[in-house]
Amino acid sequence: AIERRVGDWTAWTDDTKYDVIIGSDILYGTTMHEHLRAIFERNLAPGGHLVVADPFRKQSFPLFEKMESEGWRASFNKWSVAIRDERPRSIGVFELTR
């Protein structure tokens, strides 16, 4: 089953373990990185996958690098995305596992 959660990342109370956590365009505010990381640590089940789509913002990479330096395995794919007649733009789809 797919669940969608909306909440305040700074006051997250869900302790449920999930096999997959998906986030899109969530790393724009560096002040939220540690809060998001705490959620990833708390809520990702052992062997689970974290999938984050990001438009290659430079402020996103320090979080991925820090997680990787602490034992997370990271990989990514580059996608080209366009809506209707817009010019295509690149996004990264990052997958992290512990």
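Per residue of segment 67-74, what does 6.51 cos²θ - 1.76 cosθ + 1.60 with θ = phi - 60° give for ³J(HN,Hα)? Whole Hz please, x for Gly and Pro, Karplus curve as stated.
Computed from phi, the couplings for segment 67-74 are 4, 5, 5, 9, x, 6, 9, 10 Hz.
Let me check against my output: what whole-number percent is the relative contact order of the chain, with C-alpha pairs under 8 Å and at least 6 apart?
28 percent
Please list 3J(HN,Hα) in residue order for segment 43-51, calculated via the Karplus relation 6.51 cos²θ - 1.76 cosθ + 1.60 where θ = phi - 60°; whole Hz, with x for glycine and proline.
9, 7, 5, x, x, x, 10, 9, 10
Considering amide H positions built from the backbone, and no H for Pro or chain starts, which residues 5 or more places from H49, or on another chain, come under 5 Å of its amide H?
Long-range HN contacts for H49: V20, I21.
Once every DSSP H run of n ≥ 4 in the chain is given -39500 (n - 2.57) and the sum is divided by its residues, what mean residue ellipticity at 222 nm do you get, rounded to the nearest 500 deg cm²/dmol?
-6000 deg cm²/dmol
Tell me, in nm to one decimal, what length is gained between K58 and T16 on full extension, where the rule is 0.36 nm per residue of separation less the Cα-Cα distance?
Taking K58 through T16 to full extension adds about 12.0 nm, to one decimal.
Per 0.36 nm of contour for each residue apart, how much would the distance between T30 and S75 grow if the chain were fully extended, relative to their Cα-Cα spacing?
So the extension gain works out to 14.1 nm.
Which percent, nearest 5, of DSSP beta bridges in the chain are antiparallel?
Percent antiparallel among DSSP bridges in the chain is about 70.
For the chain, what is the convex hull volume of the alpha-carbon atoms per residue, in Å³?
117 Å³
On average, how much accessible surface per residue is there in the chain, in Å², for a 1.4 Å probe, leaving out ligands, DNA and RNA?
Here the per-residue accessible area is 69 Å².
Place the peptides 76-88, 59-71, 32-44, 10-22 in order of packing, highest mean first, counting for every residue the other Cβ atoms within 10 Å and averaging per peptide.
Those peptides, ordered most packed to least, come out 32-44, 59-71, 10-22, 76-88.
Going by amide H atoms built from the backbone, whose H comes under 5 Å of the H on L44, apart from near neighbours?
HN-HN under 5 Å from L44: Y18.
So, with a 1.4 angstrom probe, what is the percent of accessible area on segment 1-80 that is carbon and sulfur?
The C+S portion of the solvent-accessible surface of segment 1-80 is 54 percent.
The values are calculated or read from the model by the stated rules, or taken from the named source; none is laboratory data. Quick caveat: nothing in here was measured; it's all calculated off a predicted structure. When we count neighbours, we look across all protein chains shown, and the Cβ atoms used for this are built from the backbone with ideal geometry, even at glycine. The area values use the complete protein model at the heavy-atom level, side chains included, leaving out ligands, DNA and RNA. Shrake-Rupley method; radii C 1.70, N 1.55, O 1.52, S 1.80 Å.
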